[in-house]
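**Student:** What follows is a structure written as structure tokens; I'll ask about it next.
Readers should treat all values here as calculations from the given coordinates under stated rules, not as data from a laboratory. Note that the coordinates shown come from a computational prediction; the quantities given were computed from them, not determined experimentally. Backbone-built Cβ (ideal geometry, glycine too); neighbour counts: all protein chains shown.
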Amino acid sequence: MPVVTFLPSYRKVEVERGTTVLEAAQKANLNLNVVCGGQGKCGKCVIYRQSGETEFDREKYALFFTPEELERGASLACKTLVLGDLYVEIPESTLIQEQKILMESKAADVPVLPSVTKYYVEMSPPTLEDPSPDLTRLLWRIEKQGGPSVRKIFAPLPILRELSRTLRENNWMVTATVAIVPGGYRLIHIEGGDTQARLYGAAVDLGTTTIVVTVRSLIDGAILAVASNYNRQIGTGEDILSRVNYARKSGLARLQQLAAESINRALHSACNMAKIDMDDIFELEIAGNTVMTHLLLGIDPEYMIAEPYVPVVRRSIYTTAEHLSLDAHRTAGVYFFPSVSNFIGGDVVGDILTCGMGEREDVSLLVDMGTNFEVVLGNKDWMFSCAGAAGPALEGAEVLFGMRANPGAIEKVRIETRPFQVHYETINQIKPRGICGSGMIDLLAELLRSCFIDRTGRLDITSSNPRIRQGEYYPEFVVVPKDDTEIGKDIVITENDIQNLIMSKAAILAACYTLMDAAGINKDDIGMIYLAGAFGNYLNRLNAITIGLIPEVPVDRIETIGNGALAGANIALINRDRRNALDTIAHEIAYIELNADPTFMDRYTSSCFLPHTDLSLFPTVEKMLAECRLRKEE
């Protein structure tokens, strides 16, 4: 079989003839930037063949390369087939890099009422006059100190096997750890001495792309550290569909291992920062989408992506760290947030818990934008939900210079027309390499506000502005000239890019109106709009309205809740009453399947304009466009 050698690391891997270079890289544990999931649409997985025979359609994918790059052997890893021994260079920009990961979340002021408690007890040893069993003696002391009654605490066999020796070796002075579990109380650990102060827990946001972990004291609720990293599953595919397909190919065990390793890395970092022992982590709360939850649990998600789209489980799940290979105390409880459907997962339930929309009279709209989007509408009496693919454009795919929120990504844009100037900010304040999602929304709104594009997204190629020009394939607007970029190329947004962005935003807006129509309300009935997720957190709210990404409401009624999934996991970690309410919340949310809704496509088509075909739904944007026309006629 051919051997592929990756430079500059000199990693070697043996593969079948006809394997893609991307698959070979995944086998070599190299995480390539494949935003489109290996469909050849994003142009991000650039490689350079140094020697060896490959098959690649240069003509079909020439859009992504300059002639000089093609001459140097450039191709896309996902579309390059290995035909023999091969030496291939992977440039640094192709590898997944440090990302601006959202770790901030809305602070929740809830009472500290954890599901795990430690009891330090001092006992008298048994005598002929008092021959009570060791376990009874221990549980009786726990009850005397305000713990559960003796009859309500279950002691598993591993605890019983070590109990007698632990008691006697520590002169009958021990700390017992008791957890509330489905069905009652469980004695999960016993150790010598007084260790009551060493009781910690972790809240986990299990994202498709990133993992974020918060470590907290379960004594006073104090946040001790927050850490994050990529979900290592990303090397098997960027999106959920890719992961499920990988699982189908006997990859389920590998995906479970990668998810556990990703959490462990973040957990190690957080514990190191907090200077605590990971063996003192006795509870983990995990909020993730339905597929990610299934994969971490090692449950086959295959039937979730085929009609009728059925997950194996929707309810909350409780297990232990040792069953999932998580680096906490081996008996630590691991609680998974419940899901609403295959596409509305525990992360969205976490958002709802965080913003509190299920506890209020007024109607709220929650929009969580990430790799996919989820929308929830309702109040304490009812809730409707839906989900869909916003399209990969907002994640950087199908946009020529689109990229993730990595260093060098343009994240903010403002255009002055008199005198003309493009202002921008990049992540880490370095020279620009591309544009991330929040920057694209700004750019689209600013181009519309400046009359450089019309409501269909077409660039005014007749404009005298030198930044607007006819590109090799499409009309384009030069955002940053090549002399000012890190990549030595003009960073542009093309008319085709704009169309892809409009289609992405249209799906989100159409979903909002689908739920509003189902509930029989209009935008004026919405008390608050909550934006969740990394993309929503960095979004300019006014620009989101300007392009018609969300319904128009007063800007002061739009609130970002940051990482709502992580915040929800934190709430559940320190307050068991809030956690106990999660199954009820999830059960009472009605899910609307957009693909089965006969009116969704009409709403989507109407939303494929800036901001919408019906300008009366966006009165402030209508006024702005009228002013734009007047300026243009001057």
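**Student:** So how much slack lies between ASP362 and SER464, counting 0.36 nm per residue of separation and subtracting their Cα-Cα distance, in nm?
**Tutor:** 31.8 nm
**Student:** A further question on this structure: Using Cα-Cα distances under 8 Å and only pairs 6 or more residues apart, what relative contact order does segment 188-292 have, in percent?
**Tutor:** It rounds to 35 percent for segment 188-292.
**Student:** Based on alpha-carbon centroids, what's the gap between segment 438-479 and segment 156-177 in Å, whole number please?
**Tutor:** When both Cα centres are located, 71 Å separates them.
**Student:** Can you give me the Cα centroid spacing of segment 181-202 and segment 1-71 in angstrom?
**Tutor:** Distance between centres, Cα-based: 50 Å.
**Student:** Same structure again: For a 26 Å ceiling on Cα separation, which of these pairs sit above it: LYS12/LYS489; LYS412/LYS482; LYS27/LYS489; LYS44/LYS505; LYS12/LYS249?
**Tutor:** Going by Cα-Cα distance, LYS12/LYS489; LYS27/LYS489 fall outside the 26 Å limit.
**Student:** Under 11 Å from the 7 Å Cα→Cβ point of ASP57, by amide nitrogen: which residues of segment 19-35?
**Tutor:** none
**Student:** In segment 428-472, which trypsin sites (Lys or Arg not before Pro) fall in coil by DSSP and have 14 or fewer other Cβ atoms within 10 Å?
**Tutor:** Details: sites: ARG433, ARG449, ARG455, ARG458, ARG467, ARG469; in loops: ARG433, ARG455, ARG458, ARG467.
Hits after loop and neighbour filter: ARG458.
**Student:** With a cut-off of 18 Å, note down the residues of segment 435-462 whose backbone N falls inside the zone around a label point 7 Å from the Cα of TYR473 toward its beta carbon.
**Tutor:** 435, 458-459
**Student:** Still on this structure: Check the straight Cα-Cα distances from LYS118 and name the aspartates and glutamates below 17 Å, setting aside those fewer than 8 residues away within the same chain.
**Tutor:** GLU143, GLU191, ASP194, ASP220, ASP277, ASP279, ASP280, GLU283
**Student:** Something else: Under 8 Å for C-alpha pairs, at least 6 residues apart: give me the relative contact order for segment 143-197, rounded to a whole percent.
**Tutor:** RCO, segment 143-197: 36 percent.
**Student:** Continuing with the same structure: Cβ neighbours within 10 Å, averaged per peptide: list 126-139, 477-490 in order, most packed at the top.
**Tutor:** 477-490, 126-139
**Student:** To the nearest Å, what is the center-to-center distance of segment 543-572 and segment 498-534, using C-alpha atoms only?
**Tutor:** 11
**Student:** Based on DSSP H runs of at least 4 residues, each adding -39500 (n - 2.57), what is the mean residue ellipticity at 222 nm of the chain after dividing by all its residues, to the nearest 500 deg cm²/dmol?
**Tutor:** Values: 18 runs with 182 residues, N = 634.
Rounded to the nearest 500, it is -8500 deg cm²/dmol.
**Student:** Mind pulling the angle between the C-alpha long axis of helix 564-574 and the longest principal axis of the chain? Nearest 10 degrees, somewhere in 0 to 90.
**Tutor:** Helix 564-574 sits at roughly 10 degrees to that axis.
**Student:** What relative contact order, as a whole-number percentage, does segment 393-501 give when Cα pairs under 8 Å and 6 or more residues apart are counted?
**Tutor:** Computed over segment 393-501, the figure is 26 percent.
**Student:** For ARG254 and GLU14, calculate 0.36 nm times their separation in residues minus their Cα-Cα distance, and state this gained length in nm to one decimal.
**Tutor:** 84.5 nm
**Student:** Turning to a different aspect of this structure: Mind checking the angle between helix 252-274 and the chain's longest principal axis? C-alpha axes, 0 to 90 degrees, to the nearest 10.
**Tutor:** 80
**Student:** Still on this model: On a 0 to 90 degree scale, rounded to 10, what angle separates helix 495-519 from the longest Cα axis of the chain?
**Tutor:** The angle comes out near 50 degrees.
**Student:** Spin-label point model (7 Å from Cα, Cβ direction): what's the SER93 to LEU113 distance in nm?
**Tutor:** Those two pseudo-labels are separated by 5.5 nm.
**Student:** Using Cβ contacts closer than 10 Å as the measure, can you line up LEU400, LEU509, LEU63, LEU199 from fewest to most?
**Tutor:** LEU63, LEU199, LEU400, LEU509
**Student:** Between TYR591 and ASN522, what is the spin-label point distance in nm, taking each point 7 Å from the Cα along the Cα→C-beta axis?
**Tutor:** 3.2
**Student:** I would also like to ask the following. Using the count of nearby Cβ atoms within 10 Å as a rough guide to exposure, how do HIS294, HIS268 rank from fewest to most?
**Tutor:** HIS268, HIS294
**Student:** Which distance in nm do the two modelled labels at ILE305 and GLN429 give, with both placed 7 Å along the Cα-to-Cβ direction?
**Tutor:** For the pair ILE305/GLN429, the computed spacing is 4.3 nm.
**Student:** Give the order of THR514, THR290 when sorted by the count of other beta carbons within 10 angstrom, beginning with the fewest.
**Tutor:** With the fewest neighbours first, THR514, THR290 line up as THR514, THR290.
**Student:** Same structure, new question: Which one, GLY402, LEU128, CYS451, projects farthest toward the positive side of the charge dipole computed for the chain from Cβ point charges (K/R +1, D/E -1)?
**Tutor:** LEU128
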